[in-house]
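The values are calculated or read from the model by the stated rules, or taken from the named source; none is laboratory data. All values derive from a computational prediction rather than experimental measurement. Here the Cβ positions follow ideal geometry from the backbone for every residue, glycine too, while neighbour counts run over all protein chains shown.
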Amino acid sequence: MLDQGTLEVTGREQLPARQATVTVRATTVALQPPRSRSQAAPAVPLSAVLVREEAPPEGVEPLERLLLTTLPVTTAAEAWRCVQRGAPGDTSIVDITMGWVRSPPVALKRHRQGL
């Protein structure tokens, strides 16, 4: 775990806006090319950032986002930057949690706590 912090989750449909305490984890992964390619292609190095609400309020589905980026992520500050930069139109970060390309129905905004 790189860090823990509070995110503001905007409301949608029947869910009110709320604050979520989340953990942030990051690792480096290698995206392998398809085996069916006739020519060998190199693996693509990516950073994976997992944002997860460990203890959501009762009856509320926990917040969880898996972000992939070509940006290096080795510190808590870099991980939070990925979470905050993930606005529609920013193609350097992809949210693969539900197949969205960083346009999920939940907007995330970190409360400033020393970063």
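Structure summary
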{"item": "Count of the range 1-33 residues which are of a type in the set (Asp, Glu) and over 16 Å from Val60 (Cα atoms)", "result": "1"}
{"item": "Index of the failed condition, Pro62 passing every other in (1) at pLDDT 70 or above; (2) in a strand (DSSP E or B)", "result": "(2)"}
{"item": "Residue match in the range 30-43 (condition: touching a residue at least 12 places away in the same chain (Cβ under 8 Å) and under 20 Å from Asp3 (Cα atoms))", "result": "no"}
{"item": "Pair list, Cβ under 8 Å, 6 or more apart: the range 1-14 residue within 20 Å of Thr27 (Cβ to Cβ) and surrounded by 12 or more Cβ atoms within 10 Å (Cβ to Cβ), other residue at pLDDT 85 or above and small (Gly, Ala, Ser)", "result": "Leu2/Ala26; Leu2/Ala76; Leu2/Ala79; Asp3/Ala76; Asp3/Ala79"}
{"item": "Odd one out for Val29, checked against (1) at pLDDT 90 or above; (2) in contact with a Ser or Thr (Cβ under 6 Å, 6 or more places away or on another chain)", "result": "(2)"}
{"item": "Options Ala87, Ala79, Ala55; residue that is loosely packed, with under 13 Cβ neighbours inside 10 Å and at pLDDT 60 or above", "result": "Ala55"}
